[in-house]
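Participant: One structure coming up, written as structure tokens, with questions to follow.
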Amino acid sequence: MSADARTLMILAGDGIGPEVMAEVRRVIDWFNANRALGFQVTEDLVGGAAYDAHGVPLADETMSKAQSADAVLLGAVGGPQYDALDFSVKPERGLLRLRKEMDLFANLRPAQCFDALAEDSSLKHDVIAGLDLMIVRELTGGVYFGEPRGITEMNDGQRMGVNTQRYTTNEIRRVARVAFDLAQKRDGRLCSMEKANVMESGILWREEVQWVGDNEFPDIDLSHMYADAGGMQLVRWPTQFDVIVTDNLFGDLLSDVAAMLTGSLGMLPSASLGAPDPATGRPKALYEPVHGSAPDITGQGLANPLACILSFAMALRYSFDLGAEADLLEGAVADALAKGARTKDIAQGGEHLSTSGMGDAVLAELAAA
Ligand code: IPM
Ligand code: MG
């Protein structure tokens with residue numbers, strides 16, 4: 001492998017994951033053929049697909065290959081056929097293991113409203129027109145991973161379920177820095193969300209984010225909001241936000257809310273980044289659509305591949321420093337939408353394309369650009 005080979009690992013996963021990822025493969029092939037980007041792609045299993053093959057939702061060998069890939073592209077995990085599995089081998093554990101062991105502490109979830117889709121939001125056009133916000137969700141700490149955790153039996157025979165919300169100074173500061181840095185490249189505004197009114201971990205969160213602002217980013221306009229009020233403001237007046245930084249659980253909730261502002265979960269990409277490698281400057285990275293495995297539409301050619309395609313655009317930008325190519329791909333998606341290309345989720349009951357039909361539409365715009 002030459003020093004500048006670009007390695008991509010694809011973990012398509014379950015449900016609609018393989019269907020949407022097939023369209024991303026075509027986009028990667030296009031860039032290799034037409035822009036000589038030299039992506040070397042390997043594929044492997046995650047989630048239920050890995051459980052079916054290996055009895056675990058992520059094999060150790062897959063984990064170590066993911067560690068050495070320049071970027072991982074993931075489709076989706078989970079499905080009703082795995083609901084009865086023991087918690088430790090559920091499909092979602094495969095994804096959480098990747099996030100934790102690759103130390104992907106910063107999850108970037110942009111919510112952008114494409115002009116062509118402004119009518120598709122459940123909110124009024126005026127409220128979401130021009131929407132362009134970025135949620136930075138802490139991804140490797142908090143209640144998702146805190147100890148103690150578990151379900152135990154109490155003396156009186158009841159059962160008790162426990163999870164622990166836990167954050168340290170460094171965990172908060174490092175994700176805050178990512179968010180401040182993004183704000184600096186955008187509109188210079190950052191809103192931090194927690195529940196400092198009821199949680200000590202929220203008080204610490206607020207103080208540490210403020211510390212990073214005061215000491216390292218005094219030029220950024222920093223504000224704080226309780227996460228419940230933040231959810232309310234996201235649906236009331238979403239364009240007030242530029243960058244939002246929040247913890248793992250609040251970020252999970254708030255990013256679904258923000259995603260739906262844009263009309264469909266099928267449109268939203270995400271990037272999960274670790275610390276930059278000292279040698280290459282490249283962060284460990286995993287890119288995935290915000291949507292799930294959508295078992296209700298699996299195998300019918302109905303899935304919207306744009307979230308997954310836009311996740312690859314984020315990979316171009318954040319892992320490979322190919323900003324012009326990322327712009328090209330995002331522009332191709334916007335153009336396809338502007339010309340009326342719609343999958344069922346964004347067709348408002350009108351005519352719609354299949355998953356591969358949407359892939360065709362994006363490839364046609366790439367070729368025309
Ligand atoms: C997400 C998902 C995951 C999460 C699940 C699949 C474990 O909802 O990425 O938002 O809760 O983080
Ligand atoms: Mg979620």
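Participant: Restricting to region 241-287, and then to whatever is hydroxyl-bearing (Ser, Thr, Tyr) and crowded, with 23+ Cβ neighbours inside 10 Å, can you tell me which residue is farthest from ligand 1 (Cβ to nearest atom)?
Facilitator: 262
Participant: Please pick out the residue among 159, 149, 174 that is within 25 Å of the chain's Cα centre (by Cα) and modelled with pLDDT of 95 or more. Lay out the reasoning, then the answer.
Facilitator: Numbers: 159 fails: within 25 Å of the chain's Cα centre (by Cα); 149 fails: within 25 Å of the chain's Cα centre (by Cα).
Exactly one residue qualifies, and that residue is 174.
Participant: Ok, one more. Taking region 106-146 only, how many residues are part of a loop (DSSP other than H, G, I, E, B) and either within 13 Å of residue 246 (Cβ to Cβ) or modelled with pLDDT under 95 (or both)?
Facilitator: 11
Participant: Where residues in region 207-263 are farther than 23 Å from residue 173 by Cα and among the β-branched types (Val, Ile, Thr), which of them is nearest to ligand 2 (Cβ to nearest atom)?
Facilitator: Only one residue fits best here, namely 257.
Participant: For region 311-355, name all the residues that are touching a Gly at 6+ places or on another chain (Cβ under 7 Å) and of a type in the set (Gly, Ala, Ser).
Facilitator: Once the filter is applied, which keeps residues that are touching a Gly at 6+ places or on another chain (Cβ under 7 Å) and of a type in the set (Gly, Ala, Ser), region 311-355 yields only 354.
Participant: So, of the residues in region 270-281 that are at pLDDT 95 or above and of a type outside the set (A, V, I, L, M, F, W, C), which turns out to be nearest to ligand 2 (Cβ to nearest atom)?
Facilitator: Filtering region 270-281 for residues that are at pLDDT 95 or above and of a type outside the set (A, V, I, L, M, F, W, C), the one nearest to ligand 2 (Cβ to nearest atom) comes out as 270.
Participant: Just to be sure before I move on: is residue 310 part of a helix (DSSP H, G or I) and either among the hydrophobic types (A, V, I, L, M, F, W, C) or within 13 Å of ligand 1 (Cβ to nearest atom) (or both) in the structure I sent?
Facilitator: Values: part of a helix (DSSP H, G or I): yes; either among the hydrophobic types (A, V, I, L, M, F, W, C) or within 13 Å of ligand 1 (Cβ to nearest atom) (or both): yes.
Yes; evaluated as a whole, the condition is true for this residue.
Participant: Taking the criterion of being aliphatic (A, V, I, L, M), assigned to a loop (DSSP other than H, G, I, E, B) and over 28 Å from residue 326 (Cβ atoms), would at least one residue in region 197-207 satisfy it?
Facilitator: Checked region 197-207: at least one residue is aliphatic (A, V, I, L, M), assigned to a loop (DSSP other than H, G, I, E, B) and over 28 Å from residue 326 (Cβ atoms).
Participant: Here's something else I'd like to know. Being more than 14 Å from ligand 1 (Cβ to nearest atom) and not basic (Lys, Arg) is the filter; apply it to region 133-150 and report the residue that is farthest from residue 201 (Cα to Cα).
Facilitator: It comes out as 133.
Participant: What number of residues within region 61-85 satisfy the criterion of being away from ligand 1 (no atom under 16 Å from the Cβ) and either of a type in the set (S, T, N, Q) or within 16 Å of the chain's Cα centre (by Cα) (or both)?
Facilitator: Final tally of qualifying residues: 5.
Participant: Cβ-Cβ below 7 Å, separation at least six or inter-chain, first residue in region 89-113 and farther than 15 Å from residue 171 by Cα and within 14 Å of ligand 2 (Cβ to nearest atom), second assigned to a loop (DSSP other than H, G, I, E, B) and of a type in the set (Ser, Thr, Tyr): which pairs?
Facilitator: Within 7 Å, the pairs are 111/262.
The values are calculated or read from the model by the stated rules, or taken from the named source; none is laboratory data. As the structure is a computational prediction, the values presented were derived from the model and not from experiment. All Cβ positions, glycine included, derive from the backbone under ideal geometry; neighbour counts span all protein chains shown.
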